[in-house]
Structures are given as C-alpha cells and as structure tokens.
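Remarks on the structure that follows.
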Amino acid sequence: MKIFKSESLVDYNSYTFNYAIYCIKESQKEIPEIYNKGFLPYSNNIHLDHETYYLARSLRVELKDFNPSSENRRVEKKISSLQPEFKVISIDNFDVNETGFQNFCMDFAAKRFTAEISRERLNYILNAKSISHIFEFMLEGKKVGYVITIIENGTLHYWFAFFSLEYQEYSLGKWIMQSVIYWAAENNLDYVYLGSCYGVKSLYKVRDFKGLSFFDGNKWNKDVKLLKVKCKTDSEFIHDDFKQDTDLFIKNLT
C-alpha cells in the first residue's frame, strides 16, 4: 500500500491548507487494511493504471454488533410475497460485458445517480481487479438488481448497486442492501462497508442498520447521533476545478 497526499482546497485567510489523502493498492491481501484505514475505491479517472483509493467519511457495519431492526423486518415482510431470492456469483463466472447487464446498469444510473456515469467509466469499474463477486437479485423469477462487491478476508464492500425502479413500493433498494449484510453476517465476515456518508441523502444508510460506525478521519466512531448531525450540515458544494486538478495529480504520480 502506497499512501500519498494531493494539495486540496486553500483558505489563506484562516491559514487552512488542506491535503487530500489517497493510497494505491499494491496487492489484493491489503484490501481489509485499506478499508480499515478509511479508504474507498476511486473511479473518477478511468485512465489510471493503478487501483487508487481516497480517504473519506466512510461507513461500515460491524457485524458482531449487527441485529435486524424493526425496519429490516418490515422490509423483509413486505417483499416476501414476491418470492425474493439472490445469488452470489464469483466475478470469474459473471460476464460483465454482457449487453443486457450493462444496459440495465446504465439505465439505473441515468435515472438515479447524481452525476452522470459514462459507459467507459462503468467498464472501468466492472474491470477493477479488486471486484470479487456480483450479487444478482430476483423477484418472481425476474432479475431485478445487481450489487458489485469486493470481498476479501472478512471484509465486504457494497460498492455499486443497480436495481429495477418498478418495485419502489416494496423498498427493493433497502431489501437488496440488507440482504447483502445478512449474507455477510451468516458467512462470518467482520465488516460490510457501505461507501461514503455525506449529506442528507446518505441518511438512509444510517437509519436502517445496527452496528454502524463511521471513519472520522482518525478512527472508527460509533456516535451515530454525531454522524446524523454531520450529514445534515454537510455542504453539497463541489469544486470542479479541484476535482480535475486532483485527477491530474494522481495520473502524473502513477
């Protein structure tokens, strides 16, 4: 694992000079340590030759402390009439280039992702060497969702989810996420990482699961009340020039 910093936002009036922190994965066995240090996979620059990770306020479920909540049971009960089931498929046995699968993902992303995702970026993500399994979800025998995951030595990252919007009344997205967590608990994993946790739109991750902690920049913090306050007060401002400068910095470094 190679950790490095990239110059970030500057506020000279307060003498605040930020540096964003990244790391480059050097071997697959480093995955649990990378996530434990608060890093998440970076996919904004599809021209990078190395798998790069960024440090952020990430969220995880500590499975030793996880128990189904009343909301989890409600979702499970509501969707049970549709004969829900799922498969966990090794990436070696899943064709990520299949047109129907890619179109399904692109259609969902166009409707639900805040930032547009290109076909090239989707392929970059799907061909990341760290991806190990695809969760495939079905209702009444029909394929309705997929989750791209990274699983390594007790660690599971719920990276990207794509699902049908026809079943919103059944809370399909919630059922998919909790199903992955249930599976991880049943298979004696240690952690499920749920990505970054910023802004009010991330609060659905915070409300529904027990055993949560977030990376606060120094350690994993179990103060969920504090996390909710942070999410509600986060600025949604994104400095596009800074993002581009960071991409260039990483590209030159690698």
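Values in this text are rule-based calculations from the coordinates and carry no lab data. None of these values were measured; they are calculated from a predicted model. With ideal geometry, Cβ positions are generated from the backbone for all residues, glycine too; neighbour counts draw on all protein chains shown.
Annotations for the structure displayed:
- Annotation: for a label point projected 7 angstrom from Cα along Cα→Cβ of Asn44, no residues of segment 130-153 have a backbone N closer than 14 Å.
- The charge dipole of the chain, taken about the Cα centre with unit charges on the Cβ atoms of Lys, Arg (+1) and Asp, Glu (-1), comes to about 840 debye, rounded to the nearest 20.
- The C-alpha atoms of the chain define a longest principal axis, and helix 172-186 lies at about 90 degrees to it.
- Qualifying GluC sites (Glu not before Pro) for segment 129-164 [loop in DSSP, other Cβ within 10 Å: at most 16]: Glu140
- With 22 Å as the limit, the listed pairs Lys87/Lys143; Lys2/Lys230; Lys205/Lys232; Lys2/Lys129; Lys37/Lys230 have Lys2/Lys230 beyond it between alpha carbons.
- Computed from Cα atoms, the angle from the helix 70-79 axis to the main principal axis of the chain rounds to 50 degrees.
- Taking 7 Å steps out from each Cα toward its Cβ at Lys143 and Lys111 produces label points 1.7 nm apart.
- Gained length - Lys210 relative to Lys2, 0.36 nm times residue gap less alpha-carbon distance: 71.6 nm
- Once the C-beta distance of Ser27 and Arg73 is scaled by a Förster radius of 45 Å, the resulting FRET efficiency is 0.65 to the nearest 0.05.
- When Rg and Dmax are taken over the Cα atoms of the chain, they come to 18.4, 60 Å.
- On Cα atoms only, tilt of 240-253 relative to the major axis of the chain in degrees: 80 degrees
- Contour minus Cα-Cα distance for Val88 and Asn36 (0.36 nm per residue): 16.3 nm
- Percent RCO, i.e. relative contact order, over segment 57-235, from Cα pairs under 8 Å lying at least 6 residues apart: 34 percent
- Computed extension length for Thr16-Tyr182: 55.5 nm, one decimal, from 0.36 nm per residue of separation with the Cα-Cα distance subtracted.
- Straight Cα distances below 16 angstrom link Lys78 to the aspartates and glutamates Glu140, Glu166, Glu169, Asp208, with same-chain residues fewer than 8 positions distant left out.
- Spatial offset of segment 12-58 relative to segment 66-119 amounts to 26 Å, using the alpha carbon center of each.
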